Each structure stands twice: as structure tokens, then as C-alpha cells.
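What follows is calculated from the coordinates using simple rules that are stated; it is not laboratory data. As the structure is a computational prediction, the values presented were derived from the model and not from experiment. Glycine gets a Cβ as well: all are built from the backbone with ideal geometry, and neighbour counts include every protein chain shown.
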Amino acid sequence: MKSINIEDFIVKNKLPSSYKKVIQDSFTPLAKDLVDQQRAKNKPIIIGINGAQGSGKTTLATLLVLLLNTEHSIHAVTLSIDDFYFSHSHRDYLAKTIHPLMITRGVPGTHDIALMLAIINSLTFNSGITHLPKFNKATDNPYPESQYPLIRSPVDIIIIEGWCIGAEGQSTSDLSQSINSLEQNEDTDSTWRNYINKQLMGEYQTLFNRVDKWIMLKAPSFDCVFKWRLEQENKLRMQWDENLSLSHIHENQIMDDVSLKRFIMFYQRITEHVLKTLPAKVDYLFELDENRIVQNTH
């Protein structure tokens, strides 16, 4: 049986050396468990990964696909909900017809869930080639279809990941109370948060109901999100300063502290609700410390 090169993975993904033990103790056994479940069902299965911004869910999804493909000869693919954002023009339409805050991608209502479901169906049932959508954050629009990655289908395991994957809606009374200055000052009548909630309770649940097994990377609290996202912004800034940036990284896209604090307010309500409600419902719970190191597993 082949083994992945853990050291190479850590270097490539700019991870701390301590992540090696996390891979060996937590994520390698997880991959083996997913293989056993897929083979027991003898059909494609869908795995959902929830985690707050910066928690490492994309890294985990990438690692699991590598482990599944390399060490278990399982045909696996990962889909990020971030690759299914609506175009800027579509969100501009939502901003003009629903609420100005809808121009900012990220919250439920800014994703093309119908497309994501169609891609999952293609990967699950079709034999041939499936084009996987990709979103270009530099242009704030999807890449042209001619630049989509191609994947042979059907696949054995589909991993979907996103910060709001698995989230549930809230009550009207909960929504009526502002939780931060963004809601208090820019959504005074609750139109924005109610629209998001309605979307979340609609087709997003159709997507979530397709998931066979759930994984959660649980942050200690929402307070960690700012720290984790700031680390990501600083990495981009270092790449820019060292002239090592890729073509999709632009200096004006790197947020300062003030911009970042406002940005994460878009995610606060659902993230905090997920931290309270989702842990008891997932199949694999990995509790993280403030440095994103797994402290407990359930």
C-alpha cells in the first residue's frame, strides 16, 4: 500500500510541524473509516465538513482526498461551497432587489446551490467527465467554464466543505435581536438576516440532506475567527511583500484589521449558532484549540 508524504504535505500547505501528529492520530484513521463505510454501502457517499473561517476545513478536505486516492485507491473529490458563489452581477441584482448587503459573497443566498446539486448528481450517477466549477475571488466571478477542472465520474466519495455546511435556520425572535454593529447599523429592519435565514431553511437543507456522514472542526469560540482570518491575510501580505504572490493575489484584496472585523460580522450569527447546535449532530467532532490543533475527538 502506498503512503502519502506527510512532510511534503505540511510544507506545501504551510502547516506547523505539530500537524503531523494530528494527521497520524486523527485524520489517517478518519480516512480509513470513511473507506470502510463506502465499501460497506458499495455506492458513492457524500461527506460534509463544517468549520468556521480559517479552521482548516479546506486543508482537511484536501488531505482526505489525498489519503483516499493514494493509500486506499478510492476515487474521491472535494467540492468547496466557495466555488459556487453567484456572479457579481447576480449579487448586484440581489443587492438592489433584496438588501444592499447581499453584494458581499459568503452568506446563504449568495451560492448557486442548484448548480452544486447538479454537480453532485453528475459525480454520483453519470459515467464520463464532470466539469467542476471554480470561483475566481480576484475577479469576484466564476472562472470561464473552459478553465474548470475535469474529473472522471462516477466517484466513490464526494467531500463537500464550507463554513455554513450543516447549519440550520433560526427563529424569528432570534433574528430580531442584532448581534453586532453590522446588523444593528446596516440591517436595521432585519431584512437581510431574514432573507439569509429563509435561504438556509430552503434549498441549502436539500443539499445538506444529501450528506451521509458529517465532520466538524469545532472552534473554541467565534473570537478565534478574527485571529485565524488575520493569519491568512498576513500570509497573503507576506507573499505580496516578497513578490511571491500568484496572479490571483492583489494588494488591494488584502484586508486590514478594520476591514476584516467588519467582514467576519457577516459570518458571526450563523457561525455562533452552528457552534451551539451542530456538535451534537455530527458523526466526527474534532475540537480545536486557539492554534487549530485537535484537542479532543468524539
In terms of the charge dipole of the chain, which places +1 on Lys and Arg and -1 on Asp and Glu at the beta carbon, the residue among Q37, N194, F222 farthest towards the positive end is Q37
Backbone HN-Hα couplings from phi across segment 63-76 [Karplus 6.51/-1.76/1.60, Hz, Gly and Pro as x] | 5, 4, 4, 5, 5, 5, 5, 7, 8, 10, 6, 9, 7, 10
Compare the peptides 258-264, 39-45 by average per-residue count of other Cβ atoms within 10 angstrom and give them in order, highest first.
-> 258-264, 39-45
Percent of C-alpha pairs per 10 Å bin, the chain, short to long = 6, 26, 36, 25, 7, 0
What number, in percent, do you get for the relative contact order of segment 6-290 if the mean sequence gap of Cα pairs under 8 Å and at least 6 apart is divided by its residue count?
-> 24
For segment 78-95, what does the Karplus curve 6.51 cos²θ - 1.76 cosθ + 1.60, with θ = phi - 60°, yield as ³J(HN,Hα) per residue in whole Hz, taken in order and with x for Gly and Pro?
-> 10, 10, 9, 5, 5, 7, 10, 5, 5, 5, 4, 5, 5, 5, 5, 4, 5, 5
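Please give the charge dipole size of the chain, origin at the Cα centre, charges +1 on K and R Cβ atoms and -1 on D and E Cβ atoms. Round to the nearest 20 debye.
The dipole magnitude comes to about 620 debye.
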Rough spin-label spacing in nm, given labels placed 7 Å along Cα→Cβ, for S89 and S181 | 3.6
Rounded to the nearest 0.05, what FRET efficiency is calculated for T277 and A118 with R0 set to 30 Å and r the Cβ-Cβ distance?
-> 0.60
T191/F125 FRET efficiency (R0 41 Å; Cβ-Cβ; nearest 0.05) = 0.60
